[in-house]
Every structure is written in C-alpha cells, then in structure tokens.
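**Student:** Here's a structure for you.
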Amino acid sequence: MTTTELTGAEDVAWDLSDLYESGDDPRLDADVQEAEEAAAAFRERYYGKVAELSAAELSEAIGERERIESILTRAIYYAHLWFATDMADPPRGALVARLTEAGAALDTQLLFFGLEIADLEDEAAEALLAADELEHWRHWLRSVRKFRPYLLTEPEEKIFTEKSVSGVSAWARLYEELLGAVRVQLDGAEISFEEAMAKLHSGDRDERRRASDAVTEALAPGLRTRTFVFNTIVLDKSIDDRLRSYPTWISARNLRNDTTDEAVQALVDAAVARYDVVQRYYTLKAKLIGLDRLTFYDRFAPIADDPAKASWGEAREIVLGAYTDFSAESGEIVERFFRDNWIDAPVRENKRTGAFCATSVPGVHPYVLMNFTGDRRSILTLAHELGHGLHGTLALPLGLFNADTPLTTAETASVFGEALTFKRLLALEDDPHRRLNLLAGRIEDSIATVFRQIALNRFEDVVHTERREQGELSTERLEELWLETQRRMFGDSVEIDGYGTWWSYIPHFMGTPGYVYAYAYGFLFALAIFRRYELEGDSMVEPYLELLRAGGSKPPEELARMVGLDLTDPGIWESGIDALAAELDEAEALAGDIGLG
Ligand SMILES: [Zn+2]
C-alpha cells in the first residue's frame, strides 16, 4: 500500500451509531435475546399449524416472522460493518462469529414455516394468495411456493439437507482449500495466486508473460484432483436435479434468480450473437498497445499511464452532480450519504478491500464501504455503491422481505448510476488520449461482466450436459471444452495457446453452479433501462424511481414493465449490448482520430 499522496478521504469514516453505539452496546445483546425468545414463541405458536391459518392470521404470522429476522439482521449487519473497518481487532471477529451462529440457530428454528407454506395444497394456497389481507406478502408467498413442484417429502428433504454437509458442500470446501494452497513461483520468489494474477495488469509485457507462465505452472499440480472434484460436484447436481425433476441443469438456479429458462436462454443467445464486440475491442486494443495480436495474458495491460487523480471532494462533486442532474430526489438521497457520514472511504490498514453497500439494513439507511484511491475506477466505484444506496433507501419502507432483491435485479441502480457518472466523466474530458483511456476501461469492465460470464456459462453448459450424457470428463476433455468455448468468444482476436487449464481456478463452477450468467443479466438489464433513459429523457425518471421503490416486491418481468421493457423479448438484451457497442464505436473513432486506430 502506498498512501503517500493524500486524497482528502482520510477522515471520511462512517458513523455506525444509527445501528448501535459500539460492539459492547447492551442493546446488542438485548436484541439478540429478544429475537431468540420471539423465535421460540413463534415456533411454539405456529409449528404444524400453518395450514390451519386464515388469511389474516397468516399475514400476522409472516409479519412476525419478518420482525424477528429484522431484529437479528440488524445486529448481524452491525457486526459485519464494525468488523470490515478493522479486521485485525479480535473483539470484532468474535462478534461476527457469535452472531453468525445465532443467525444459523434462528434459521433452523424457523425453517418449518417456509416448508409448511410450500406444502399447502394448491387450492388453499390460491385462495390465500387472492385474499386482500395477504396482498402485501403476495410476491413473498409466491417466491416461497415456487419451489413446491421440486420439493420431496419431509424425511427425504431432511436426508438431503443433512447429507449435503458431508456431500456437495464438503467437495466445494475441499476445492477451496486446494485452490487456497496454490503458490506461484515467480522470479525466484513464492507469491500468492492473487499477486500473480495482479501482475497481468502490468505495463511490461515480459512481466505479464512470466506471471502467466508461472500461473499455468502453479495450476498443473493437483489438476487431476480438481478435475475429479469438478466431476463429482457436477454428478451430485445431476442426481439432485433428477430426483427433484428439474428440466435442465440450470433450471433450479433460474428459479432461485426469479427468472425462467427461456429468458436466460434469450440472454445467452443475444450475447453469443454479439461476440464480435469482444473481437473488435481486442483487435483495437492490440493496436493501442503496439502489438499485432493480443495473447491471453495481454488482455488487462494498461493502455496508457493515467496520472490524473481526483480528490475526494472532486469525486463527490462528479458523482453527486451525475445523480442530481438525473433527478433532484436522487441527488438529495445521495447527498445524505456524504453529509450524514454513511460512507467509509479511505484506504486503511486492516480494512476490508474492495467495496460494498449494506443495502437492506432493517429500519436503517444503507451504509457504503470503499477504498478510495482517487483514480478513475475509484470514482465509478463510488457511483456504483451509491446506486445500491439509492435503491436501498427508496425500497426501505417496504420492510426486509419485500425490499430484498434477487441477484438478477440487485445491480440495477448501481450499474445505472455508474453509467450516469461515466457519461459525466467523459463529458468533462477533452483530451482525446484520456477520453480513449476512459472508454477502454469502461469497455473492458463491460466485457468482463457480460461476455466473459456468458462464455463461462457456455463452458458450464457443455460440461453439465456431457457429464449427464456420457459420464466422467477427463482433464484433457475439460481443457478442450474450455478452449473451444473461449475461442468462440475471442475468435482470432486473442491467442489462447497455453490457456487450457485456467478453467480450474474459477470458484463459482464448484461453489455455485450456474451462477455466472446473473452478472450479465443484471448488467444488461440496467443498461437497457439506461439506454431508454437516453432516448426518452426525463419522462423515464419517475418510472425508474418507482421501479427502485418496488425493491424485490415484484418479479423482474413486472419491474421491467414499469419502465416499458419486456423481459420476454430478446430485444432487451440486444439493446443493452447496443449501448456497449456504441461506446466501442466511439473508441474506434477516437483511435482513428489520434492516429492509433
Ligand atoms: Zn454492485
């Protein structure tokens, strides 16, 4: 960490007293105890009786269930936020561990409630869903019930849950441990996997190549073991899906993401059909960094040194300006984050790296954590997290259950806010080299979020399908499928010889099969809304804010309709990709103008 330069963010620390005074605030223990007692009373009152409840009684029960979870969630949030700013302080780690255990115990205690709701006969459930008393909980009820066709009997479910600890979760953990133990030998020294990967961002091609060779070498030992783990996890999933009668390997994931197999397939098709965007960009990038053609380790090379740094004050002005220009209301909400100390900004020792927004803290505004360095990326990160903050603030009155969004719509406001801010940054920049640099950074982020994730999804798709149809896949076969699916995206624009074993370090494949496409889904959904805003202007402001106010109380299709979009129309994905391609057009034109294209 080199923090010789001051950014003006040094004293921008959040004030958590809206949650609790401190880690030993007596209200913390009192809240945990209240949640535990209320959970015990809840179980006593409702266990085995959900089917007998009237609509009004069920509404009351769900309200109580939410209240109990809100109390504990608030305490858990506090513990995580307090911990994040000083992870070396033992009392903070201890509080997180203690509350995590309390949370798990509470979940076990209350699990029956969701199961009994899912178990209601369809006819009874439909009557309840139609009742006025349950209007507020309608979407939540549907979300709980949608798994009903795939649930097994209670004793079977119990075996599933208990055996998973020694089954699929154990394999996933073994994989994590194998990966965690990978050490890279580079230039005579041993470095971590992350450090080696970071060197792929170096401006020195020789350093990138050596780092990449070292990574390939480090991935070789244990490759057969990781192949076996992958096969086992894929097999386990296929057994699970067969017993539960899910139509495809990804159906369970789609259901959890509140979307459908058709919508996801349309997304995948749209992205695959536009792989030319990736190929055009990497062809341009090769020219920009003076190469005939990129090799896979050149993808993250910097295009130019950008010494321009923004102070915290400037970053605040740019981001706040972008939100205020969009709408006075969103500007006012975002301003409160700065004014009332809801942001923790500086780089500090023992602080969590990266950035996040604690969006749905029950009854309290969201909090934002980041590590502000003053570079352009940092400004966009601030805009991104404040988008989550805006979303969380607008949806707060809905309460915990209805405000909570699935992965597929969780990134709407953050990506949108980033797009607003990016436009402003670009408008403020006259120098063509720096404009090009800004655009290139933006396109690279988009490629990583959209096309790369879809290519990963295509790899998963063929692996899961082939495992089901033909049995175990060898290391060589996995390498072949990986290169095939990657080559399809890169075309001739990137040389990928030597890249064959790099599938084996991607944790999502093992930990959460099917997960990766959600990044592309969320990003393109937000960009499609942004594109509509660009075309239609201010008439989109209110519908968009209404969509944010609806939080997770409606399915994504309904949210999309609020802003005039149809999620069943593949055109929505194309429109998001068009927004991306327009940025690429501009980058190509700029490169031509300054004689680099
Ligand atoms: Zn985000």
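The values are calculated or read from the model by the stated rules, or taken from the named source; none is laboratory data. Please read these numbers as outputs of a predicted model, since none were measured by experiment. Quick reminder, even Gly has a Cβ in these numbers, built from the backbone with ideal geometry, and neighbours come from all protein chains shown. Keep in mind that these areas ignore ligands, DNA and RNA; they rest on the heavy atoms of the full protein, side chains included. Shrake-Rupley method; radii C 1.70, N 1.55, O 1.52, S 1.80 Å.
**Student:** Select, from A582, A550, A560, the only residue that is open to solvent by less than 50 Å² (accessible area, probe 1.4 Å), without any contact (Cβ under 8 Å) to a residue 12 or more places away in the chain and either among the aliphatic types (A, V, I, L, M) or farther than 30 Å from R477 by Cα (or both).
**Tutor:** Values: A550 fails: without any contact (Cβ under 8 Å) to a residue 12 or more places away in the chain; A560 fails: without any contact (Cβ under 8 Å) to a residue 12 or more places away in the chain.
Going through A582, A550, A560 in turn, the sole match is A582.
**Student:** Against the conditions (1) modelled with pLDDT of 95 or more; (2) within 30 Å of L394 (Cα to Cα), where does D445 fall short? Just the number, please.
**Tutor:** (1)
**Student:** Let me ask something else about it. Of a type in the set (F, W, Y), in contact with a Lys or Arg (Cβ under 9 Å, 6 or more places away or on another chain) and in contact (Cβ under 8 Å) with a residue 24 or more places away in the chain, is that true of Y275?
**Tutor:** On the way: of a type in the set (F, W, Y): yes; in contact with a Lys or Arg (Cβ under 9 Å, 6 or more places away or on another chain): yes; in contact (Cβ under 8 Å) with a residue 24 or more places away in the chain: yes.
Against the criterion (of a type in the set (F, W, Y), in contact with a Lys or Arg (Cβ under 9 Å, 6 or more places away or on another chain) and in contact (Cβ under 8 Å) with a residue 24 or more places away in the chain), Y275 qualifies.
**Student:** Under 7 Å between Cβ atoms, which residue pairs at least 6 apart in sequence (or on different chains) link something in segment 27-41 that is of a type outside the set (F, W, Y) with a partner that is not in a helix (DSSP H, G or I)?
**Tutor:** Hits for this filter: R27/Y20; L28/Y20.
**Student:** Can I ask one more? Anything in segment 182-200 that is loosely packed, with under 13 Cβ neighbours inside 10 Å and either in contact (Cβ under 8 Å) with a residue 40 or more places away in the chain or within 23 Å of the chain's Cα centre (by Cα) (or both)? List them, or say none.
**Tutor:** E194
**Student:** Also, quick follow-up: What single numbered condition from (1) among the hydroxyl-bearing types (S, T, Y); (2) within 24 Å of L527 (Cβ to Cβ); (3) more than 15 Å from the ligand (Cβ to nearest atom) fails to hold for Y499?
**Tutor:** Exception for Y499: condition (2).
**Student:** In segment 212-232, is there at least one residue being among the hydrophobic types (A, V, I, L, M, F, W, C), part of a helix (DSSP H, G or I), within 30 Å of G595 (Cβ to Cβ) and in contact (Cβ under 8 Å) with a residue 60 or more places away in the chain?
**Tutor:** No, that holds for no residue.
**Student:** Looking at (1) assigned to a helix (DSSP H, G or I); (2) more than 28 Å from A252 (Cα to Cα); (3) modelled with pLDDT under 90, which one does S575 not meet, given that it meets all the others?
**Tutor:** All conditions pass for S575, except number (2).
**Student:** Just name the residue that is most open to solvent (accessible area, probe 1.4 Å) out of those in segment 343-355 that are within 16 Å of the ligand (Cβ to nearest atom) and in contact (Cβ under 8 Å) with a residue 60 or more places away in the chain.
**Tutor:** The qualifying residue most open to solvent (accessible area, probe 1.4 Å) is R352.
**Student:** Among the listed residues D445, D461, which satisfies the condition of being within 16 Å of the ligand (Cβ to nearest atom), among the acidic types (D, E) and not in a loop (DSSP other than H, G, I, E, B)?
**Tutor:** D445
**Student:** Additional query: Looking at the structure I just gave you, is G222 small (G, A, S) and within 30 Å of I303 (Cβ to Cβ)?
**Tutor:** So G222 does not fit the description; no.
Yes/no per residue for (1) of a type in the set (D, E); (2) more than 14 Å from the ligand (Cβ to nearest atom); (3) within 24 Å of D86 (Cα to Cα):
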site	(1), (2), (3)
G363	no, yes, no
T373	no, yes, yes
S378	no, yes, yes
G399	no, yes, no
T409	no, no, no
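**Student:** Do we find that L420 is modelled with pLDDT of 95 or more, more than 10 Å from the ligand (Cβ to nearest atom) and closer than 21 Å to R532 by Cα in this structure?
**Tutor:** The answer is yes for L420.
**Student:** Oh, and also: Out of (1) over 28 Å from the mean Cα position of the chain (by Cα); (2) within 25 Å of S360 (Cα to Cα); (3) without any contact (Cβ under 8 Å) to a residue 60 or more places away in the chain; (4) buried (at least 17 other Cβ atoms within 10 Å of the Cβ), what's the single condition that is false for L58?
**Tutor:** Failing condition for L58: (3).
**Student:** Starting from segment 327-339, keep only residues that are farther than 11 Å from T393 by Cα, then list their pairs with residues that are open to solvent by 70 Å² or more (accessible area, probe 1.4 Å) whose Cβ atoms are within a distance under 8 Å, requiring at least 6 positions of separation or different chains.
**Tutor:** Close Cβ pairs satisfying both conditions: G331/D325; F338/R316.
**Student:** Taking T568 and the conditions (1) over 30 Å from D236 (Cβ atoms); (2) in contact with a Phe, Trp or Tyr (Cβ under 9 Å, 6 or more places away or on another chain); (3) of a type in the set (V, I, T), which numbered condition does it fall short on, given that it satisfies the others?
**Tutor:** So the condition that T568 fails would be (2).
**Student:** In addition: Which one of S59, S17 is part of a helix (DSSP H, G or I), under 24 Å from W137 (Cα atoms), among the polar types (S, T, N, Q) and modelled with pLDDT of 95 or more? Break it down into steps so the answer makes sense when it comes.
**Tutor:** Working: S17 fails: under 24 Å from W137 (Cα atoms).
None of the others qualify; the one that does is S59.
**Student:** List the helices (runs of 4 or more DSSP H) that sit entirely inside segment 393-442 and contain at least 2 residues that are open to solvent by 50 Å² or more (accessible area, probe 1.4 Å).
**Tutor:** Working: elements: 400-403, 407-410, 412-428.
Ranges flagged: 412-428.
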